[in-house]
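Novice: Please find one structure pasted underneath; my questions will follow.
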Amino acid sequence: MTSGRRVAISTTRAVISTKGRTVGAQLHIKSEDAYRLASRLSELTDESLTSVVIGALRAELERHERQRDVAAKVERMLAIGREIRAHMREPVSSDTGWMYDENGLPK
């Protein structure tokens with residue numbers, strides 16, 4: 001999300017060799033806000049800008065994957081419930097009166 005400012009993002013996938021070093025894929029984000037946030041986190045954690053950006057991206061990706069996993073589990077549980085209900089002979093009731101006596105104590 002940006003605050004009304006244009007954000008330019010570019011990526012490079014080619015392997016580039018500079019000064020004897022090989023550099024892999026690169027991501028360039030031209031946003032003052034992103035730079036400010038990454039710099040602040042870098043100062044607080046004493047990590048490089050690259051490390052804090054990778055950490056933040058990993059955390060966000062894991063959060064989204066967990067949400068998707070939870071939704072899939074819920075759907076599987078609901079499907080199991082539907083399957084069980086389809087095989088029940090008697091109607092389901094929430095009436096638990098048969099478990100208690102006239103004083104409200106368990107029978």
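Novice: Place a point 7 Å from Cα of residue 96 in the direction of its Cβ. Which residues in the stretch 65-90 have their backbone N less than 16 Å from it?
Specialist: none
Novice: Oh, and also: 7 Å from Cα along Cα→Cβ at both residue 25 and residue 107: what's the point-to-point distance in nm?
Specialist: Placing both labels 7 Å along Cα→Cβ, they lie 6.5 nm apart.
Novice: What does the extension gain come out to for residue 80 and residue 63, with contour length at 0.36 nm per residue minus their alpha carbon separation?
Specialist: Between residue 80 and residue 63, full extension yields an extra 3.5 nm.
Novice: Next question, about the same structure. Quick one: net charge of residue 40's neighbours, Cβ under 13 Å, K/R +1, D/E -1?
Specialist: After counting each charged neighbour, the total is -4.
Novice: Can you order the peptides 89-102, 25-38, 71-84 by their average number of other Cβ atoms within 10 Å per residue, highest first?
Specialist: 25-38, 71-84, 89-102
Since every read-out is calculated from the coordinates, none of them should be taken as a lab result. Keep in mind that this is a model prediction, so the values were computed, not measured. Don't worry about glycine lacking a Cβ; one is built from the backbone with ideal geometry, like all the others, and counts go over all protein chains shown.
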